[in-house]
Amino acid sequence: MSNQKKKNFQIEAFKHRVVVDPKYAEKTWSILEHAIHEIYNHNASGLSFEELYRNAYNMVLHKFGEKLYSGLVATMTAHLKEISKSIEAAQGDLFLEELNRKWNDHNKALQMIRDILMYMDRTYIPNTHKTPVHELGLNLWRDNVIHSSKIQSRLLSMLLELVHRERTGEVIDRGLMRNIIKMLMDLGSSVYQEDFEKPFLEVSAEFYMGESQKFIECCDCGDYLKKAELRLNEEIERVTHYLDVKSEVKITNVVEKEMIANHMMRLVHMENSGLVNMLLDDKYEDLGRMYNLFRRVPNGLSTIRDVMTSHLREIGKQLVTDAEKLRDPVEFVQRLLDEKDKYDSIISQAFSNDKTFQNALNSSFEYFINLNNRSPEFISLYVDDKLRKGLKGVSEEDVEIILDKVMMLFRYLQEKDVFEKYYKQHLAKRLLSGKTVSDDAERSLIVKLKTECGYQFTSKLEGMFTDMKTSQDTMQGFYASHPELTDGPTLVVQVLTTGSWPTQPSITCNLPAEMSALCEKFRSYYLGTHTGRRLSWQTNMGTADIKATFGKGQKHELNVSTYQMCVLMLFNNADRLSYKEVEQATGIPASDLKRCLQSMACVKGKNVLRKEPMSKDIGEDDAFFVNDKFTSKFYKVKIGTVVAQKESEPEKQETRQRVEEDRKPQIEAAIVRIMKSRRVLDHNNIIAEVTKQLQSRFLANPTEIKKRIESLIERDFLERDNNDRKLYRYLA
């Protein structure tokens, strides 16, 4: 094969330059300019958009982009000036309609123009950092139409006028409003804010300032709040229909400030209809409305809370210090519970179960319950009343509800140890007289107390139940070992452990001979089966059933106290006895004897004795006889002892003294516990720590704490620092 020379191919440029027609740009632009005119004049149907696009493409390609862009600006500006004049010429309500129509036309035209100049939009404009066609169209509309001197102020006043008309109850064209507001938003957030929103908020503030003044002069609080709520909802609805969603917060702030925040104090304190009246009249709907409106403004809820708290403390103080209302302890506690239920219901239904309101309620109750130092006693008496008779026929669930309410009041007590003292006394009487409605209810309350205060609080109470059960077994053993006793009087003994039961002074009275012999037999039996124990009879706490025959042979079984039995048995051997003779024969203390005789001689329907002279009180010169005319429709007659339900003043002093004595070792134990762990501590910190440790049982008195510290120093548990007398050291 012969070698041939390789040929190299080369592409060469044209030998001559391609020359563009110097008038090409003018001609092409005039075609595009004509097209823009036709688009604005609604004659776009005859245009070839493909050809127009190619012309615009070629202009940019041949570096005539600047001419095309500046021509576009000039042409659009000219058209918009004409449009502006036609809008200015529109009269009355037609002004907004004409503006809306021309705006829609401009948008359609802008869309077509952008399609034709798409190549310029994509290449020339980004490279030269000019404004894109659509945005340019909006800016030109803004500058030549919206910011035209004759349109700008007219547009604003018409928009504000329409809003005002709607606020005063007229129906407006919301669709047109929405379109115009949307136009302002499309022109940019600054246009919407400066040209409409700012003036709108200022005018709204003036409107609501005037309206709130008018309303507050003529409406009561409930009606005013309804109007404020209605206005607030109207503004929120207005935003959803035709305003920018971001305006909602701003316009609601205006309404809240003018209608609520500026009148808060006047509203809550409004005479005959303010917050206190709403609370007194249980106006849940108005209270709920006040809560929902006030929560929207700064310090709104704290204003309601403060007024509610001061009102609560005031009525609570009246409740616990009114001597008339303190006469019946059960009624007193029931009023407290009713008040608590009322405010619990208000907080739950009107105040959205707001925890801060619940805390305010609790602190108010704690404040006024502890103003009365008899509150622990009264709460215990209330429990006593319920567990004796008040819970008969009540379902278990309802019993639990009542006990939970009692526990709620118990939590408010600062002197829980005082309650414990009284509760123990009342429980003892219920158990010994067999008068408790339900053992389950008794135990349920003890479990609740144990959960609240710990084992130490209830250990003795539980011991009382144990004693009652043990006593039953003891009595069975006693009668099993003495079968001969089945015919005579029957004895039932409750053996009580001294430490568990309330301490009672051991008062002996002279029992009838039959009973005295029986008691001796029991003593011998018990001490024979239990070594190292000592029995002392508490005759003041016993009861007896005796059979009696009156004048015409009518027979009754009388349920009486041990003291009453001792008195009645004397009349088996005597027809008439003077007070002195009764006192001498029975050995019953004078105060108890008088109450005992009073209950048998002065109480109608229970007067098995009669006395001379007849009077309500027992005197030392009185004489007593069996009442032969005594009748009762019942065979069994219970004769209660006339007792004061509340403690008398000396008894109260005695209980208080016992409580104070019991507190001393507890305070000392707390001081030693604290000093053992801290080793060295100053006086103020010891006081604070001891108070904190003991507050679950009682509020320790700083003076008493100081005395206990002195006592511990004397007994070498603590010592004072040599340099700082307020500093204490623990001595191991």
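The values are calculated or read from the model by the stated rules, or taken from the named source; none is laboratory data. Not measured: the values here are computed from a predicted model. So basically every Cβ, Gly included, is an ideal-geometry build from the backbone, and we count neighbours across all protein chains shown. These accessible areas exclude ligands, DNA and RNA; they are computed on the full protein's heavy atoms, side chains included. Shrake-Rupley method; radii C 1.70, N 1.55, O 1.52, S 1.80 Å.
Key figures
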{"read-out": "The stretch 606-625-the stretch 271-333 distance, computed between alpha-carbon centres (Å)", "value": "52"}
{"read-out": "Rg/Rg_globular for the stretch 70-220, with Rg_globular taken as 2.2 N^0.38 Å and Rg from C-alpha atoms", "value": "1.29"}
{"read-out": "Value of relative contact order over the stretch 654-730, rounded to a whole percent, pairs C-alpha under 8 Å and six or more apart", "value": "35"}
{"read-out": "Nitroxide proxy distance, nm - points 7 Å out along Cα→Cβ at D115 and C218", "value": "5.8"}
{"read-out": "For the chain, with +1 on Lys and Arg beta carbons and -1 on Asp and Glu, the positive-most of S204, L326, F95 along the dipole", "value": "L326"}
{"read-out": "Farthest toward positive dipole pole in the chain [+1 Lys/Arg, -1 Asp/Glu at C-beta], among M565, G46, S500", "value": "S500"}
{"read-out": "Semi-axis lengths, Å, the chain, gyration tensor of Cα atoms, sqrt of 5 times eigenvalues", "value": "100, 34, 25"}
{"read-out": "Cα point-scatterer Debye curve for the stretch 19-146, base-10 log of I(q)/I(0) at q = 0.16, 0.18, 0.20 Å⁻¹", "value": "-0.78, -0.95, -1.13"}
{"read-out": "Label-to-label distance, nm, for residues given as Q476 and L570 (7 Å Cα→Cβ offset)", "value": "4.0"}
{"read-out": "Selected from H106, I401, L136, residue furthest toward positive end of dipole (the chain; charges at beta carbon)", "value": "I401"}
{"read-out": "Cα Rg, Dmax (largest Cα-Cα span) when computed across the stretch 476-543, Å", "value": "12.7, 35"}
{"read-out": "Residues A669 and T490, FRET efficiency given R0 of 41 Å [Cβ-Cβ distance, rounded to 0.05]", "value": "0.35"}
{"read-out": "Accessible surface, per residue, of the chain when the full set of protein chains is kept, probe 1.4 Å, Å²", "value": "54"}
{"read-out": "C-alpha long axis of helix 24-40 to longest principal axis of the chain, angle in °", "value": "50"}
{"read-out": "Radius, Kirkwood style, for the stretch 445-521 when every pair of distinct Cα atoms is counted (Å)", "value": "15.1"}
{"read-out": "Only Lys, Arg (+1) and Asp, Glu (-1) charged, at Cβ; the stretch 438-488 dipole about Cα centre in debye", "value": "340"}
{"read-out": "Anchor K469: lysines whose Cα lies under 20 Å away (excluding residues fewer than 8 positions away in-chain)", "value": "K424, K429, K435, K460"}
{"read-out": "The stretch 542-638 - Rg (one decimal) and Dmax (whole number), Cα, Å", "value": "12.4, 34"}
{"read-out": "Normalised alpha carbon radius of gyration of the stretch 654-730 [divisor 2.2 N^0.38 Å]", "value": "1.07"}
{"read-out": "Sparse-neighbour loop sites [GluC sites (Glu not before Pro); the stretch 538-642; at most 13 other C-beta within 10 Å; DSSP]", "value": "E620"}
{"read-out": "Computed label-point distance, nm, for sites K246 and T321 using a 7 Å Cα→Cβ extension", "value": "5.8"}
{"read-out": "The stretch 677-716 and the stretch 66-91: distance between their alpha carbon centers, rounded to Å", "value": "91"}
{"read-out": "For the chain, size of Cβ-based charge dipole, Lys and Arg +1, Asp and Glu -1, in debye", "value": "1980"}
{"read-out": "Heavy atoms of I588 accessible to a 1.4 Å probe, total area in Å² rounded to 10", "value": "10"}
{"read-out": "Relative contact order of the chain, pairs being alpha-carbon contacts under 8 Å that are 6 or more residues apart, as %", "value": "6"}
{"read-out": "Sparse-neighbourhood loop sites, GluC sites (Glu not before Pro) in the stretch 166-266 - DSSP loop, at most 12 other Cβ within 10 angstrom", "value": "E170"}
{"read-out": "Largest to smallest accessible area among M600, M112, M515 [probe 1.4 Å]", "value": "M112, M515, M600"}
{"read-out": "Compactness index (Cα Rg / 2.2 N^0.38 Å), the stretch 380-477", "value": "1.08"}
{"read-out": "Percent accessible area from carbon and sulfur atoms, the chain, protein chains only, probe 1.4 Å", "value": "50"}
{"read-out": "Full-extension gain in nm, V603 to I236, via 0.36 nm per residue minus C-alpha separation", "value": "124.8 nm"}
{"read-out": "Mean separation of Cα contacts under 8 Å, 6 or more apart, over the residue count of the stretch 125-264: relative contact order %", "value": "25"}
{"read-out": "Area of C519 that stays accessible when all protein chains are in place (1.4 Å probe, Å², to 10)", "value": "10"}
{"read-out": "Debye log10 I(q)/I(0) at q = 0.18, 0.20 Å⁻¹ for the stretch 569-724, Cα point scatterers", "value": "-1.05, -1.22"}
